[in-house]
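Rule-based calculations on the coordinates, nothing more; no lab input. Owing to the predicted nature of the structure, the values given are computational and were not obtained by experimental measurement. Please note: Cβ atoms are built from the backbone with ideal geometry, for glycine as well, and neighbour counts cover all protein chains shown.
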Amino acid sequence: MAAASATSDYPRGNGTGGNGIGGNGTGGTAWTGADRTLLLGLIAIALLRTASLFASPLGLGVDEAQYWLWSTGFDFGYYTKPPLTSWIIGLSHGLFGHHEWAVRLPAPWLHLATSLILWRAASWLAGAGAGRIAAMIWMTLPSIALGSFVISTDTPLLLCWSSGVLALVGVLTGRLRESRGMLLAGGAFGAAMLAKYAAIYGLAGLAMFVLVTSVQARSADRRQIISWCGLGLFALGMVVVASPNIIWNLANELTTVRHLGDNANFDRQSYSLAGSIGFLAAQFATAGPVVFALMFGILRIRRGDDCGLLLFFLSAPVILVIMVQAFLSEANANWALAAMPALVLWLARWMAQARPVIGRLAIGINLGVCLLILSVTTAGSLGPLTPGSDPFRRLRGWQVLAADTSAALEAHRAATVIADRRATASLLSWHFHNQRIGGNPVTVLVIDADGRPTNHFEQNLAWKPLAGRRFVALDGRKTPPEMTGVSWQAGTSALSTTAISQNRSRDLYIHKGVEDE
């Protein structure tokens with residue numbers, strides 16, 4: 001990343017557009033054969049990824065199961081995340097039923113929608129070719145290939161974020177009036193806030209952009225395209241759309257916001273330069289080796305290039321902040337995905353400037369990686385390349401534990417499970433959905449040992465004594481968990497064991513207990 005004072009190689013935006021989804025060069029909507037072919041190709045990719053959801057033997061992950069559980073009770077916020085992802089899952093689950101694929105089904109189609117939005121944005125920036133390149137880059141990013149198989153908070157975040165970027169590009173290229181465009185952009189980023197709080201980077205990046213361009217406008221005696229008033233309209237739109245979750249947090253002791261601080265792990269600071277380097281290296285897997293090398297290599301500010309400056313401030317600060325987080329404590333590779341839409345637009349614009357060979361190479365490599373990811377997720381296995389620990393182990397074997405637990409509940413005439421931890425509680429809640437024993441619905445609880453909730457179950461489904469209740473408790477130890485006022489049935493503990501990889505198994509003892517009268 002470097003700054004340069006040379007005149008920009010790129011157009012600032014003059015009201016012209018590209019073909020197809022991006023326009024016809026004068027703001028029209030004419031389609032070309034290349035546009036139609038690409039659109040069919042993008043839809044085909046989404047269909048293949050959807051087919052993988054139906055064919056895969058892999059079960060839900062812990063977070064997916066928890067998002068689904070939240071979706072069974074509509075609210076404007078939940079313990080660790082804003083509500084949008086759970087709303088989307090709840091809609092799909094309600095329409096298609098209790099299936100793993102129904103939970104994940106929105107993912108490939110939301111990413112397809114994101115690719116179309118970036119197609120339009122890049123077309124506005126640099127013409128039809130750039131638009132098509134942006135769509136292809138997005139749909140072939142390895143992180144998007146994997147993100148099309150699982151449902152996460154990143155998926156709606158990226159769609160809403162990209163929509164906001166499109167509106168901002170519309171203002172900079174003269175297609176949208178500032179007042180309308182900034183309200184639309186703020187509303188889109190507000191919707192992104194309902195998915196994940198990383199959307200706040202958008203407001204910070206835009207504020208930096210307005211500050212820098214205001215200084216440049218004064219020194220060069222030229223008009224500032226996005227004014228401070230425009231920034232205020234953006235903030236207003238963002239707050240209005242995100243207000244349901246803001247109000248929910250205020251009414252619930254800032255529950256989600258406090259968890260966000262806990263998740264940063266600043267109380268366990270490591271000051272590890274290796275952490276920052278490792279996080280940056282992980283981005284080569286997230287974006288693809290050649291694609292991210294190009295993104296990183298060409299990311300520089302050029303004088304007079306307002307669109308490029310905006311894309312810089314919507315990407316580079318995100319990566320830098322997470323690198324600092326990785327240095328101070330730890331950071332996951334996906335925490336910087338919010339930078340990806342702007343980087344894709346930047347790279348598409350650069351590739352459209354007569355650099356087809358390296359662009360085709362980068363996209364071709366990513367396409368090969370995506371095909372590999374598709375085959376692996378469809379088969380649910382890495383085949384002969386599977387390591388002893390198996391990265392998919394956390395998605396395996398939960399149905400066996402659910403069956404063993406169900407048998408113990410039936411034998412004990414109980415309908416309550418005390419799980420050993422959040423992961424177990426989340427997945428058993430999924431598998432016991434609508435299941436009844438003795439006419440009573442199965443309830444999954446956890447023990448909050450210190451009385452300080454650290455997850456959804458400890459806050460909302462913590463075990464509290466109930467006289468005479470029969471239950472089964474899961475624990476990794478052969479001896480029952482420490483619970484006051486409980487009589488344990490001696491000699492009735494059973495071991496549920498499931499091989500989840502070559503060298504690991506999920507072993508939990510099932511203990512039968514009755515709470516004292």
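The stretch between D516 and K464 holds 17.5 nm of extra length on full extension. This uses 0.36 nm per residue minus the Cα-Cα distance.
To the nearest ten degrees, helix 33-55 and the longest principal axis of the Cα atoms of the chain are 10 degrees apart. Across segment 241-393, Cα-Cα pairs more than 20 Å apart make up 65 percent of the total. Pair-distance distribution P(r) for segment 394-515, from all Cα-Cα distances in 10 Å bins starting at 0: 13, 48, 34, 5, 0 percent.
Using only Cα atoms, find the angle between the long axis of helix 356-379 and the longest principal axis of the chain, and express it within 0 to 90 degrees, rounded to the nearest 10. It is inclined by approximately 10 degrees.
Here the label points at I43 and L382, each 7 Å from Cα along the C-beta direction, are separated by 3.6 nm in the simple model.
Amide H contacts of R300: A2, each under 5 Å away and 5 or more positions distant or on a separate chain (H built 1.01 Å from N in the peptide plane; Pro and chain starts excluded). Considering only L42, W109, L95, the residue lying farthest towards the positive end of the dipole of segment 37-125 is L42, judged by Cα position with unit charges set on Cβ. Temperature 37 °C, viscosity 0.692 mPa s: under these conditions the Stokes-Einstein estimate for segment 418-485, based on its Kirkwood radius over C-alpha pairs, is 255 µm² per second.
Once the Cβ-Cβ distance of N440 and T484 is raised to the sixth power relative to R0 = 22 Å, the FRET efficiency obtained is 0.40.
The stretch between Q399 and L211 holds 62.2 nm of extra length on full extension. This uses 0.36 nm per residue minus the Cα-Cα distance. What the Cα atoms of segment 350-459 give is an Rg and a Dmax of 22.5, 72 Å. Rounded to the nearest 10 degrees, what's the angle between the helix 178-193 long axis and the longest principal axis of the chain, both from Cα atoms, 0 to 90? With both axes taken from Cα atoms, the answer is about 20 degrees.
Give me the net charge for the shell around G439: Cβ to Cβ below 14 angstrom, other residues only, Lys and Arg +1, Asp and Glu -1. Please report the intermediate quantities before stating the final value.
Working: positive: R413, R436, R470; negative: E410.
Residues near G439 contribute +2 overall.
Sorted largest first, the spans of the alpha carbon positions of the chain along the three principal axes are 83, 49, 45 Å.
Helical content of the chain, expressed as a calculated mean residue ellipticity at 222 nm, amounts to -18000 deg cm²/dmol (DSSP H runs of 4 or more residues, -39,500 (n - 2.57) each, divided by residue number, nearest 500). Between I247 and R302, the contour length at 0.36 nm per residue exceeds the alpha carbon distance by 15.7 nm. For segment 460-497 versus segment 179-216, the spacing of their alpha-carbon centroids is 50 Å.
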